[in-house]
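First up is the structure itself, then whatever we jot down about it.
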Amino acid sequence: MAAADRIDGKAFAAGLREKVGEFAVSFEAVSGRKAGLAVVLVGEDPASQVYVRSKGKACAAANMESFEYKLADNTLREDLLALIAQLNADDAVDGILVQLPLPDHLDEQEVIASIDPDKDVDGFHVINAGRLSVGQTGFVPCTPLGCMMLLTDRLGDLSGLEAVVIGRSNIVGKPMAQLLVDANATVTIAHSRTADLQSVVKRADIVVAAVGRPEMIGKDWLKDGATVIDVGINRLPPEPGKEKGRLVGDVDFGGASEVAGAITPVPGGVGPMTIAVLLRNTMVAAHRNAGVALAEGAL
Ligand code: GUN
């Protein structure tokens, strides 16, 4: 079998960010203000600091405003909830993102529940999870929505295809499965207790891997021609003489490329889609919040 096509998430994300930037310009012309995203970071987690910085830069590049709140590790629950209440009430803020994970003394579910669902551009609020599950308009979590964009770009109509989602988190696995069902795929959600995972994956036309286990899915697992979306971002231990280990996905990219029809690389696949979709969701929120029309499916 010929080598799989490489699904270039980085290029797709760049195109989406550019399109969002164009909508941002027309939004500002019509509404008289920029669309705004508030990002709240509690504590000093280095990976989170990197994410937050890149979100701020991406906003600026897309002609959107970003408001960054960096709070101390020992921030009180009451102070964080008061900040979110203030952002909920602020008309310049269209989207609110509280970077996860939060320090242990803060209850993530309580904090997410305090965000106005119509500013919850992460799509993590139970109201948005509920809207997704019953087919109402809301916000869909950025990573699965980004995966869906890559899949429909590659495959077009997904009707009748067998999809296996490996992982059942609220942030990726469950919404991913919902989106695939809504697109008329036949969906299996597999997880750490699934019996004979390998044979479950083998029947899939579409594999979405979100388990967090480096290169777990090998070429023997895949059906010929499958489309593979690798959500995993895992850092291997450093090789001798190197300071940092390589970043790899949940799929053995080299092996899988011999069997799959198409596959996302790590890095450069799903990762860049998350921020691009965050900007997209914020732009949609801005239009809704300001009462500016945005055609269905325009973004
Ligand atoms: N931490 C890692 N990824 C994400 C994300 O997409 N949203 C939030 N809020 N926190 C994260």
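The values are calculated or read from the model by the stated rules, or taken from the named source; none is laboratory data. If you're wondering where the values come from, they're calculated on a predicted model, not measured in any experiment. With ideal geometry, Cβ positions are generated from the backbone for all residues, glycine too; neighbour counts draw on all protein chains shown.
Which one of Ala29, Ala3, Ala72 is modelled with pLDDT under 95, farther than 21 Å from Thr143 by Cα and over 19 Å from the mean Cα position of the chain (by Cα)? Let's see the steps before the verdict.
Working: Ala29 fails: modelled with pLDDT under 95; Ala72 fails: modelled with pLDDT under 95.
Exactly one residue qualifies, and that residue is Ala3.
Residue pairs, Cβ under 6 Å, 6 or more apart or interchain, first in region 39-50 and assigned to a strand (DSSP E or B), second within 11 Å of the ligand (Cβ to nearest atom) and among the basic types (Lys, Arg). List them.
So the pair list comes out as Val39/Lys55.
Quick check, is Leu161 touching an Asp or Glu at 6+ places or on another chain (Cβ under 8 Å) and more than 29 Å from Arg77 (Cβ to Cβ)? Full working, then the answer.
Numbers: touching an Asp or Glu at 6+ places or on another chain (Cβ under 8 Å): yes; more than 29 Å from Arg77 (Cβ to Cβ): yes.
Yes, satisfied.
Six or more apart or on different chains, Cβ under 9 Å: which pairs go from a residue in region 5-22 that's within 15 Å of Thr264 (Cβ to Cβ) and of a type in the set (A, V, I, L, M) to one that's assigned to a strand (DSSP E or B) and modelled with pLDDT of 95 or more? Could you list them?
Qualifying pairs under 9 Å: Ile7/Thr227; Ile7/Val228; Ile7/Ile229; Ile7/Ala262; Ile7/Ile263.
Filter region 156-170 for residues that are among the small types (Gly, Ala, Ser) and touching a residue at least 12 places away in the same chain (Cβ under 8 Å); which is farthest from the ligand (Cβ to nearest atom)? Before the answer, list the steps.
At the first step, the residues of region 156-170 found to be among the small types (Gly, Ala, Ser) are 156, 159-160, 163, 167, 169.
Keeping just the survivors that are touching a residue at least 12 places away in the same chain (Cβ under 8 Å) gives 159-160, 163, 167, 169.
Details: Ser159: 29, Gly160: 31, Ala163: 22, Gly167: 14, Ser169: 11 Å.
This residue is Gly160.
In region 116-135, how many are without any contact (Cβ under 8 Å) to a residue 40 or more places away in the chain and either within 17 Å of Val277 (Cβ to Cβ) or in contact with an Asp or Glu (Cβ under 8 Å, 6 or more places away or on another chain) (or both)? Give the steps one after another, and end with the answer.
First pass over region 116-135, keeping only residues without any contact (Cβ under 8 Å) to a residue 40 or more places away in the chain: 116-117, 120, 125-128, 130-131, 134.
Cutting the leftovers down to either within 17 Å of Val277 (Cβ to Cβ) or in contact with an Asp or Glu (Cβ under 8 Å, 6 or more places away or on another chain) (or both) gives us 120, 125, 127-128, 131.
Qualifying residue count for the region: 5.
Which of the residues belonging to region 23-37 are within 21 Å of Val98 (Cα to Cα) and in contact (Cβ under 8 Å) with a residue 60 or more places away in the chain? Lay out the reasoning, then the answer.
First, the residues of region 23-37 that are within 21 Å of Val98 (Cα to Cα): 34-37.
Across region 23-37, the qualifying residues are Ala35, Gly36, Leu37.
Considering only residues that are closer than 18 Å to Thr264 by Cα and in contact with an Asp or Glu (Cβ under 7 Å, 6 or more places away or on another chain), which ones fall in region 164-205?
Listed by number, the residues that qualify are Ala204, Asp205.
I'd like to know if region 189-209 contains one or more residues that are under 20 Å from Ile275 (Cα atoms) and touching a residue at least 12 places away in the same chain (Cβ under 8 Å).
Applying the first criterion (under 20 Å from Ile275 (Cα atoms)) to region 189-209 yields 208-209.
Right, trim to touching a residue at least 12 places away in the same chain (Cβ under 8 Å) and you get 208-209.
Yes, region 189-209 contains at least one residue that is under 20 Å from Ile275 (Cα atoms) and touching a residue at least 12 places away in the same chain (Cβ under 8 Å).
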